[in-house]
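Enquirer: What follows is a single structure, and I will ask about it in a moment.
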Amino acid sequence: MLKCTKFQWQQPKNGMILSSAFNLHCGSSPNGLKETVKSNLPKKEHVSGFLKRKWALRIPDTKINQIMISKDDFQQGGEYLGNLSFLNNPQPSMGDHMTKNNQQQPSFYVVRDDLLHPLVNGNKARKLDALLPLLEDSSVTDVVTCGGCQSAHAAAVAVSCAERGLKSHLLLRGEQPATLTGYNLISTLYGNVSYVPRSLYARREEMLLKHAHTVAGNDGLVFSLADLEASLFSHGCGEHSSHVDSLTKRSKKVAIINEGAGDAAALLGVVRLVEYLSQDHLFGKDQQLKIIIDAGTGTTAVGVGIGAVCLGLPWEVTAVMLADTIDGYQKKEESLISEFRRCFTLHLGEQMLTGLEPGLVHWVERSSPRKFGNILKGEVEICRKIAQDTGILLDPVYTLAAWELATQLGQEESAEVVMLHTGGTLGMFGLAQRYKSYFEIC
């Protein structure tokens, strides 16, 4: 029988944490990042040089589908998707032929990141794209992160760590379910799961730090991702690197990944995706796009916005708010941009980051707002209809919210509408457990 521990507070003993005071930014990085402050290269080449580092994904490529919308007694309101038909074009015209060939019928595009990996897909794979090599290059032994009971992020971390011989420690909010299923089952199979009372989870930063110290033990080291990024940039700068290396040989090295990988280093994988999509044979650099993303922590939406600014793209990023208020998302955006600037300004240059200010993302309410994690009657049936029409599986909590907005804008906007499929479809198993009556489909 699978067993999981209940979370208990333990004060850190002699475990050490290296603060971002070591953020020296001198020398060169083993990931291949170059100091390009004085470069006169165009933005595209400038960013491409910056992104020459190790990645978890061998290539950034992803499939792009075009969804054709057929109006059938279209009605405004929360259930209007049931009055529409969808047709999937798996090989749409792109590049120079995109606008000319795609004006015959209302449509939008779907970036199929849900197909990247059977268990680690969508924006989870993109955010881990830069983080995993960072953990390996830093000789990390253990990773601590957190999420909800059905967290796709926690499961992705567990699977990715196991594939690389690292131990993952997952703090999941709430109580262990009677039957393990979906991402909760994956997390339990691949990682070390502890269930945390909601009252303690509300102070998640403190919770993560204390648990990381418990894992590290008396002689271990505890790092944030910013610490690891800084130590790699300062490699060869003298005392710090040699001190860390000597300690690492005789102790655990524990890295903390924030909830949903809401860290500046995770943004790099999303910027890499933006660079890929902006190639001339795909969406190009001049085409006006409206990018639609469902927002959990909001990290992916901010990453797309940063990528668009750094590459000088005329893209408008809209995120459907699912787990927080607009004030919370705006504060998260401000925090991530500030951290990104602090970590990478030296390597990109201040001129490259012109325009990188809060306001990159347009945060909007879902068409039918509800408490996070809840689904409404009829939404499972809509997901089923879309799956049968297009072969694309959505979930009612996250990706259906983005599909709803993409469908609406695809019929109204002159600019091309692009939905980023953030994966997470294994969450349907957990929903089927909670909402049994909604899944009684004949």
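Enquirer: Would you mention how many residues in the stretch 389-399 are out of contact with any helix residue (DSSP H, G or I) (no Cβ under 6 Å at 6 or more places or on another chain) and open to solvent by less than 10 Å² (accessible area, probe 1.4 Å)? Quick ask: steps written out before the conclusion?
Expert: Here is the first cut: in the stretch 389-399, the ones out of contact with any helix residue (DSSP H, G or I) (no Cβ under 6 Å at 6 or more places or on another chain) are 389-392, 397-399.
Narrowing further to those that are open to solvent by less than 10 Å² (accessible area, probe 1.4 Å): 392, 399.
Of the residues in that region, 2 qualify.
Enquirer: If we scan the stretch 353-372, do we find a residue that is open to solvent by less than 60 Å² (accessible area, probe 1.4 Å) and out of contact with any helix residue (DSSP H, G or I) (no Cβ under 9 Å at 6 or more places or on another chain)?
Expert: yes
Enquirer: Considering the stretch 407-438 alone, what residues qualify as being among the hydrophobic types (A, V, I, L, M, F, W, C) and under 16 Å from Gln66 (Cα atoms)? Can you show your working first?
Expert: Taking the stretch 407-438 first, the residues among the hydrophobic types (A, V, I, L, M, F, W, C) are 409, 415, 417-420, 426, 428-429, 431-432.
Across the stretch 407-438, the qualifying residues are Leu409, Ala415, Val417, Val418, Met419, Leu420.
Enquirer: Out of all the residues in the stretch 125-178, which are within 13 Å of the chain's Cα centre (by Cα) and of a type in the set (S, T, N, Q)?
Expert: Ser151
Enquirer: Of the residues in the stretch 287-305, how many are surrounded by 24 or more Cβ atoms within 10 Å (Cβ to Cβ) and outside any strand (DSSP E or B)? Talk me through it step by step, then tell me what you get.
Expert: Within the stretch 287-305, the first condition is being surrounded by 24 or more Cβ atoms within 10 Å (Cβ to Cβ), and the residues that meet it are 291-305.
Restricting the remaining residues to those that are outside any strand (DSSP E or B) gives 296-305.
Of the residues in that region, 10 qualify.
Enquirer: Among the residues of the stretch 186-197, how many are over 15 Å from Glu175 (Cα atoms), part of a helix (DSSP H, G or I) and open to solvent by less than 80 Å² (accessible area, probe 1.4 Å)?
Expert: 1
Enquirer: Quick check on Ser241: is it small (Gly, Ala, Ser), at pLDDT below 80 and touching a Ser or Thr at 6+ places or on another chain (Cβ under 9 Å)? Walk me through how you get there before you give the answer.
Expert: Details: small (Gly, Ala, Ser): yes; at pLDDT below 80: yes; touching a Ser or Thr at 6+ places or on another chain (Cβ under 9 Å): yes.
Yes; evaluated as a whole, the condition is true for this residue.
Enquirer: When you check Pro358 against the structure, is it over 23 Å from Gly284 (Cα atoms), touching an Asp or Glu at 6+ places or on another chain (Cβ under 6 Å) and modelled with pLDDT under 95, yes or no? Quick ask: steps written out before the conclusion?
Expert: Numbers: over 23 Å from Gly284 (Cα atoms): yes; touching an Asp or Glu at 6+ places or on another chain (Cβ under 6 Å): yes; modelled with pLDDT under 95: yes.
So Pro358 passes the test.
Enquirer: Look at the stretch 309-334 and say how many of its residues are touching a helix residue (DSSP H, G or I) at 6+ places or on another chain (Cβ under 6 Å), assigned to a helix (DSSP H, G or I) and under 27 Å from Ile67 (Cβ atoms).
Expert: Looking only at that region, the number is 1.
Enquirer: Within the stretch 198-231, take every residue that is outside any helix (DSSP H, G or I) and open to solvent by less than 20 Å² (accessible area, probe 1.4 Å) and give me the one that is farthest from Leu134 (Cα to Cα). Outline the logic, then answer.
Expert: Our first condition is that a residue be outside any helix (DSSP H, G or I); within the stretch 198-231, this holds for 202-203, 217-224.
If we keep only those that are open to solvent by less than 20 Å² (accessible area, probe 1.4 Å) as well, we get 220-223.
Details: Gly220: 18, Leu221: 16, Val222: 15, Phe223: 12 Å.
Across the stretch 198-231, the extreme among qualifying residues is Gly220.
Enquirer: Could you list all residues from the stretch 179-218 that are among the acidic types (Asp, Glu) and under 21 Å from the mean Cα position of the chain (by Cα)?
Expert: Pass one, the stretch 179-218, residues among the acidic types (Asp, Glu): 205-206.
Of everything in the stretch 179-218, just one residue is among the acidic types (Asp, Glu) and under 21 Å from the mean Cα position of the chain (by Cα), namely Glu205.
Enquirer: Tell me yes or no: at least one residue of the stretch 157-173 is open to solvent by 10 Å² or more (accessible area, probe 1.4 Å), in contact with a helix residue (DSSP H, G or I) (Cβ under 6 Å, 6 or more places away or on another chain), part of a strand (DSSP E or B) and in contact (Cβ under 8 Å) with a residue 24 or more places away in the chain.
Expert: The answer is yes; a qualifying residue exists.
Enquirer: Against the definition (within 24 Å of the chain's Cα centre (by Cα), loosely packed, with under 14 Cβ neighbours inside 10 Å, modelled with pLDDT under 90 and not hydrophobic (A, V, I, L, M, F, W, C)), how does Lys52 come out, yes or no? Can you show your working first?
Expert: Numbers: within 24 Å of the chain's Cα centre (by Cα): yes; loosely packed, with under 14 Cβ neighbours inside 10 Å: yes; modelled with pLDDT under 90: yes; not hydrophobic (A, V, I, L, M, F, W, C): yes.
It is true that Lys52 is within 24 Å of the chain's Cα centre (by Cα), loosely packed, with under 14 Cβ neighbours inside 10 Å, modelled with pLDDT under 90 and not hydrophobic (A, V, I, L, M, F, W, C).
Enquirer: Tell me whether the stretch 395-412 contains one or more residues that are of a type in the set (Ser, Thr, Tyr), touching a residue at least 40 places away in the same chain (Cβ under 8 Å) and in contact with a Lys or Arg (Cβ under 9 Å, 6 or more places away or on another chain). Break it down into steps so the answer makes sense when it comes.
Expert: Narrowing the stretch 395-412 to residues of a type in the set (Ser, Thr, Tyr): 398-399, 407.
Checking which are touching a residue at least 40 places away in the same chain (Cβ under 8 Å) leaves us with 398-399, 407.
Within this subset, residues satisfying the condition of being in contact with a Lys or Arg (Cβ under 9 Å, 6 or more places away or on another chain) are none.
Within the stretch 395-412 (the criterion being of a type in the set (Ser, Thr, Tyr), touching a residue at least 40 places away in the same chain (Cβ under 8 Å) and in contact with a Lys or Arg (Cβ under 9 Å, 6 or more places away or on another chain)), the answer is no, since none of the residues qualifies.
Enquirer: Then there is this: Restricting to the stretch 86-114, what's the tally of residues that are modelled with pLDDT of 90 or more and surrounded by 14 or more Cβ atoms within 10 Å (Cβ to Cβ)? Break it down stepwise before answering.
Expert: So in the stretch 86-114, the residues modelled with pLDDT of 90 or more come out as 86-95, 106-114.
Then keep just the ones that are surrounded by 14 or more Cβ atoms within 10 Å (Cβ to Cβ); that gives 86, 88-89, 92, 94, 106-114.
Residues that pass the stated criteria total 14.
Enquirer: Take Val120 and decide whether it is open to solvent by less than 20 Å² (accessible area, probe 1.4 Å), among the β-branched types (Val, Ile, Thr) and farther than 18 Å from Asp395 by Cβ. Working first, answer last.
Expert: On the way: open to solvent by less than 20 Å² (accessible area, probe 1.4 Å): yes; among the β-branched types (Val, Ile, Thr): yes; farther than 18 Å from Asp395 by Cβ: no.
Criteria not met by Val120.
Enquirer: Among the residues of the stretch 361-412, count how many are within 16 Å of Met428 (Cα to Cα), touching a strand residue (DSSP E or B) at 6+ places or on another chain (Cβ under 7 Å) and in a loop (DSSP other than H, G, I, E, B).
Expert: Result for the stretch 361-412: 3.
The values are calculated or read from the model by the stated rules, or taken from the named source; none is laboratory data. Here the structure is a predicted model, which means the values were calculated and not measured. Here the Cβ is made from the backbone with ideal geometry for all residues, glycine too, and neighbour counts use every protein chain on show. Surface accessibility is based on the protein's heavy atoms, side chains included, excluding ligands, DNA and RNA. Shrake-Rupley method; radii C 1.70, N 1.55, O 1.52, S 1.80 Å.
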